Amino acid sequence: MDGLPAIVSILLVFLSVEPALGQKNDSDIIEELKELKHKLNDVENQMTNTTGKLQEDLKDLEQRLNATEKQLEHVKTRLTILETENKDLKTRLNATEKDVEDLKKNGSAGPKVAFSASLTASGEVYKGHSKNEPTLVYKRIFANMGNAYNANTGIFKAPVKGVYFFSFSTFGYGTHLMGAILTKNGHHMVSSYDHKSSDSSDTGGNAVVLVLEAGEQVAMKLWENSQVFDNLNGHTTFSGFLIFPL
């Protein structure tokens, strides 16, 4: 573009010279032609320089374009990785949500078993060991979800196979032995025991985790010659619940 005005100028000069050729001698014409040739060389040099600069600019643009394309490929690769990671996260999230739903369904569908009771529902009671009625019957019911505990017999009957937790507390006076035994199907599991003492009163208790088959029974009984006391304060208690089914 820089050489175009120069070429136009040369042509104008040439056109202005041509009508006057008949009025000039040969030496003048030769000089003018030399001058025109010199100007033409200048124009060619300018065009060469311009072409070289354009080629350099084009090369620079190509390099920048290549760099941009490489960056774009890197971005595409990173985007593909992120899409894969996002897909994996969605899969894991869906699996976690399914596990949570399964837990909710299993939890809601599973049995709810829990009970807690104290020895007397009214007044005061001194309960001693009896061979005819060895099982302690806890009459005051605080909770009995699932109705697995029988307030008439004092026996807890497992509704399903599972892992269960049981605890008991006892209260008595120092004038008597005090102790109780937690049994499974009539067999001794855990107990508490306190000798006669000068103390006005004593407390005891214990707890245990048992694996029970459906239908197996858990109950409380007193040690021989022992005695416990209870009133509406709920000193002597028996409690249990299902931890989880098997």
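Could you tell me which residue of the stretch 182-223 is nearest to LYS131 (Cα to Cα), considering only residues that are assigned to a strand (DSSP E or B) and among the charged types (D, E, K, R)? Top of the filtered list is LYS221.
Taken together, the criteria place TYR164 among residues that are at pLDDT 90 or above and in a strand (DSSP E or B).
Can ASN86 be described as surrounded by 10 or more Cβ atoms within 10 Å (Cβ to Cβ) and on the phi > 0 side of the Ramachandran plot?
So ASN86 fails the test.
Taking the stretch 119-147 as the range and being in a strand (DSSP E or B) and either among the aromatic types (Phe, Trp, Tyr) or touching a Ser or Thr at 6+ places or on another chain (Cβ under 6 Å) (or both) as the test, the residues that pass are TYR126, ARG140, PHE142, ALA143.
If you go through the stretch 206-241 and keep only what is surrounded by fewer than 14 Cβ atoms within 10 Å (Cβ to Cβ) and within 44 Å of the chain's Cα centre (by Cα), you end up with ALA207, VAL209, VAL211, GLU213, ALA214, GLY215. Does the stretch 195-203 contain any residue that is farther than 18 Å from ASN150 by Cβ and either modelled with pLDDT of 85 or more or within 46 Å of the chain's Cα centre (by Cα) (or both)? There is at least one residue in the stretch 195-203 that is farther than 18 Å from ASN150 by Cβ and either modelled with pLDDT of 85 or more or within 46 Å of the chain's Cα centre (by Cα) (or both). Among residues of the stretch 101-157 being over 17 Å from GLY215 (Cα atoms) and of a type in the set (Val, Ile, Thr), the one that is modelled with the highest pLDDT is ILE141.
The values are calculated or read from the model by the stated rules, or taken from the named source; none is laboratory data. Source: prediction; values computed, not measured. Don't worry about glycine lacking a Cβ; one is built from the backbone with ideal geometry, like all the others, and counts go over all protein chains shown.
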